[in-house]
1. Among the listed residues Leu21, Leu67, which satisfies the condition of being in a helix (DSSP H, G or I) and either farther than 26 Å from Leu176 by Cα or of a type in the set (Phe, Trp, Tyr) (or both)?
2. I need the full set of residues from segment 342-351 which are farther than 22 Å from Lys275 by Cβ and buried (at least 17 other Cβ atoms within 10 Å of the Cβ), in order please.
3. So for segment 271-283 (the condition being at pLDDT below 90 and surrounded by fewer than 17 Cβ atoms within 10 Å (Cβ to Cβ)), does at least one residue qualify?
4. Is it the case that Val189 is assigned to a helix (DSSP H, G or I), among the β-branched types (Val, Ile, Thr), at pLDDT below 95 and surrounded by 15 or more Cβ atoms within 10 Å (Cβ to Cβ)?
5. Return yes when Ile319 is over 26 Å from Asn220 (Cα atoms), of a type in the set (Val, Ile, Thr) and surrounded by 11 or more Cβ atoms within 10 Å (Cβ to Cβ) and no when it is not.
6. Hey, could you check segment 235-281 for residues that are assigned to a helix (DSSP H, G or I) and touching a residue at least 60 places away in the same chain (Cβ under 8 Å) and say which is farthest from Tyr181 (Cα to Cα)?
7. For segment 255-265, does any single residue satisfy the condition of being within 26 Å of Ala350 (Cα to Cα) and of a type outside the set (Phe, Trp, Tyr)?
Amino acid sequence: MYDGPVILLNWMEDNIHPQKLTSSPLMGTTVLFLKEDLANQIKMFRKNVFKQLIFSKREAAASMKQLVKVSNTVHNYLYRLAPAWNQSLPAAQIRGLYIYILNLMQELLEDLGRLAPKLYRQAPVTQHSLPEVMTKLRGRYRIFIYQLDQLAVDKNLIVLVKQGIYQMIFKKEISLLSAEYCCQLMTFVSGAVIPDTQMFKDMLCINGFNLPEFYLYCVNDYKNSLNNIPSLHEQLEMVMTEQDKVTSLPVDIKAKMLPGVAPIGEQLRGFLLEKKQHIKQILKLRRIIIQDDQLAKSMTRLRINLPVAQFALFIRLQIEKGLLLKENIGELFNFFAAHFYTPQTLFISAESLRKKSTEVEFSTAQKLKAHLIGMLNWLNENYNLSNYKGS
């Protein structure tokens, strides 16, 4: 089996390594011979890759990446190993030879890219071509982060996007596909009107911003919204609404920040589907306990004439004052959610109940205080405690 990239690498090592070129006089005929020999090696390599493009795209992709490695090896000879040859007599000829080979490798890659543009764009950019690509990306990124800072959106999301683009641009290897994606995203965001965080999130989804960190940001946003909704029915409605929103986004199929990762829309739909099924299961279990509204009003579940927020604070008050044990808090809120309901909320979410017990609005505390004062007044009136010393 012909292994073109390995043969090319071996040829470089055996023929144009700085130690090889400086160990003997480098004549014009020697340079000409090296160029002709290399041309023959490249001819064989090109022929082999053409066959791979017909029979095995996977092998062709591997060969293209290896060709990048060959180019980077010569680039390493030219710059990192320069001290080994730049003081020698044939230094100018060596430099010229290396630059000639680098240009030749780049032309070969671009020729293959015209035959297989997708594979070419997925391969890493050569060190020889990288400065041109990075100059464009760095300049665009400086403008982009300035424009991001002007947006009236969640600063955590802005930091996430900045870091994501930065890591993509300045990672060890970058492909043309990644470079094009970064430029496309930065251009799209810069030219759009973004009034709020939700619009920015939608825009990132449309443009395939599928970083794991962005997925977690969106998931946490969903969870926070659900925790603020006490009713399981309303939670289900919210999840279904968000499912419809994500499905309706006009996603660019070709654009993905991480090609090997599922599209962000697909990931979010998967999360929302699981959450919808989870809520439905809870509702189903609750319906087994209470088959109809009449049973809901029986001793199986009790109605409390407080909104969920006030009920949550009332539970927390009993916990903090020692009337309820400060153990297994989660199970405690699960119990109250399962055995009580309010006039507005037939099925209470335990997670929402627990969250509302700690994230209390002033008006909620004020209204509960009025209820507690009313209870004290009732005790005073019915048990003659008004004039009692300890009252």
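1. Leu21
2. Step one: filter segment 342-351 for residues farther than 22 Å from Lys275 by Cβ, giving 342-344.
The one that is farther than 22 Å from Lys275 by Cβ and buried (at least 17 other Cβ atoms within 10 Å of the Cβ): Thr342.
3. Filtering segment 271-283 down to residues at pLDDT below 90 leaves 282-283.
In the following step, the residues that additionally are surrounded by fewer than 17 Cβ atoms within 10 Å (Cβ to Cβ) were identified as 283.
Checked segment 271-283: at least one residue is at pLDDT below 90 and surrounded by fewer than 17 Cβ atoms within 10 Å (Cβ to Cβ).
4. Spelling it out, Val189 is indeed assigned to a helix (DSSP H, G or I), among the β-branched types (Val, Ile, Thr), at pLDDT below 95 and surrounded by 15 or more Cβ atoms within 10 Å (Cβ to Cβ).
5. yes
6. Step one: list which residues in segment 235-281 are assigned to a helix (DSSP H, G or I), which gives 235-248, 264-281.
Restricting the remaining residues to those that are touching a residue at least 60 places away in the same chain (Cβ under 8 Å) gives 235, 264-265, 268.
Values: Gln235: 36, Ile264: 15, Gly265: 17, Leu268: 21 Å.
Step by step, filter segment 235-281, then rank; the result is Gln235.
7. Quick first cut of segment 255-265, residues within 26 Å of Ala350 (Cα to Cα) only: none.
No, segment 255-265 contains no residue that is within 26 Å of Ala350 (Cα to Cα) and of a type outside the set (Phe, Trp, Tyr).
This table checks each residue for (1) in contact with a helix residue (DSSP H, G or I) (Cβ under 8 Å, 6 or more places away or on another chain); (2) assigned by TED's automatic domain parsing to the domain that holds Val68; (3) outside any helix (DSSP H, G or I); (4) closer than 16 Å to Ser71 by Cβ.
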| residue | (1), (2), (3), (4) |
| --- | --- |
| Leu112 | yes, yes, no, yes |
| Tyr120 | yes, yes, no, yes |
| Lys136 | yes, no, no, no |
| Arg140 | yes, no, no, no |
| Phe144 | yes, no, no, no |
| Leu148 | yes, no, no, no |
| Leu151 | yes, no, yes, no |
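The values are calculated or read from the model by the stated rules, or taken from the named source; none is laboratory data. Owing to the predicted nature of the structure, the values given are computational and were not obtained by experimental measurement. Neighbour counts are summed over all protein chains in view; Cβ atoms, including those assigned to glycine, are modelled from backbone coordinates with ideal geometry.
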